[in-house]
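Quick notes on the structure that follows.
The values are calculated or read from the model by the stated rules, or taken from the named source; none is laboratory data. Being a predicted model, the structure only gives us computed values, none of them experimental. Positions of Cβ are backbone-derived with ideal geometry, glycine not excepted, and every protein chain shown enters the neighbour counts. Ligands, DNA and RNA are excluded from the accessible area calculation, which covers all protein heavy atoms including side chains. Shrake-Rupley method; radii C 1.70, N 1.55, O 1.52, S 1.80 Å.
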Amino acid sequence: MKYSNQIFVIGFAVFLTACSTMYYSGLEKVGIPKRDVLVYRVEKARDTQEETREQFKSALEQFSAATNFKGGDLEGVYKKLNREYEASVDKAKEVRSRIEDIESVSAALFREWEQEITQYSNSALKRSSQEKLDTTKLYYRQLVAAMKNAESRIQPVLTVFNDQVMYLKHNLNARAIASLKGELKTLQSNVSTLVTAMEKSINEANAFISNMEKS
């Protein structure tokens, strides 16, 4: 059974690689090279991270406002917080998906680029192409590291948020509000760390895009 599972995983990975190869080949037939796809996906990832940054700021504001609850519709407070939490979860999933899209096309691009370098007969052109590839890979590694670092800062926020929203759901009383207040500083710190990481990632994306446009 163990080996059967391994064979399935390997087979599925090969299938996905084949599908990706066909997809990128199809785009190139209509004049869209892999490097353009990569730039486009980095732009989309950057935009998603900007949206995610703002979403988590909004969620923190709603959480902070809930701690000042003085009386009224506590269930309404829960519903607002839950909407913010769910919107944050959706953005977290989108961030992960954007990174995976970037990794997929970059692997195909670099593989193709490396193969083409071996085909040069002109040593100067070969050296120039290799230097551009090395520079692109450097920017790429910095970009993905920054994006994954930012992504890793999301879960601590979601964990605290989820705990408090669930507790509020089942305890619509003063004790639940006290619990929110007790976690506010932790959430503020986590969101601040996340926002800083997101901004660094966004800057790395802009640098990568700029480098690709120049080369």
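Key figures for this structure:
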| read-out | value |
| --- | --- |
| Relative contact order for the chain, counting Cα pairs under 8 Å that sit 6 or more residues apart, in percent | 33 |
| Surface share of carbon and sulfur [accessible, 1.4 angstrom probe, percent] for the chain | 52 |
| Overall Cα dimensions of the chain, principal axis frame, Å, largest first | 78, 48, 30 |
| Selected from Gly26, Gly71, Gly182 as most flexible by GNM, with the chain as the system and alpha-carbon contacts under 10 Å | Gly71 |
| Over region 55-169, equivalent-ellipsoid semi-axes from the Cα gyration tensor in Å | 49, 11, 8 |
| Ordering of 83-93, 36-46, 170-180 by burial proxy (mean other Cβ atoms within 10 Å per residue, highest first) | 36-46, 83-93, 170-180 |
| Relative contact order, percent, region 87-215 [alpha-carbon distance under 8 Å, six or more residues apart] | 34 |
| Karplus-derived HN-Hα couplings along region 140-157 (A = 6.51, B = -1.76, C = 1.60, θ = phi - 60°), whole Hz, x at Gly and Pro | 5, 4, 5, 4, 5, 4, 5, 5, 6, 5, 4, 4, 5, 7, 6, 4, x, 5 |
| Region 33-214, accessible area per residue, ligands and nucleic acids excluded (1.4 Å, Å²) | 53 |
| Backbone HN-Hα couplings from phi across region 195-201 [Karplus 6.51/-1.76/1.60, Hz, Gly and Pro as x] | 4, 4, 5, 4, 5, 5, 5 |
| Theoretical ellipticity at 222 nm over the chain - DSSP helices of four or more residues, -39500 (n - 2.57) apiece, nearest 500 | -32500 deg cm²/dmol |
| The chain: angle of helix 34-66 to the longest principal axis, Cα-based, in degrees nearest 10 | 10 |
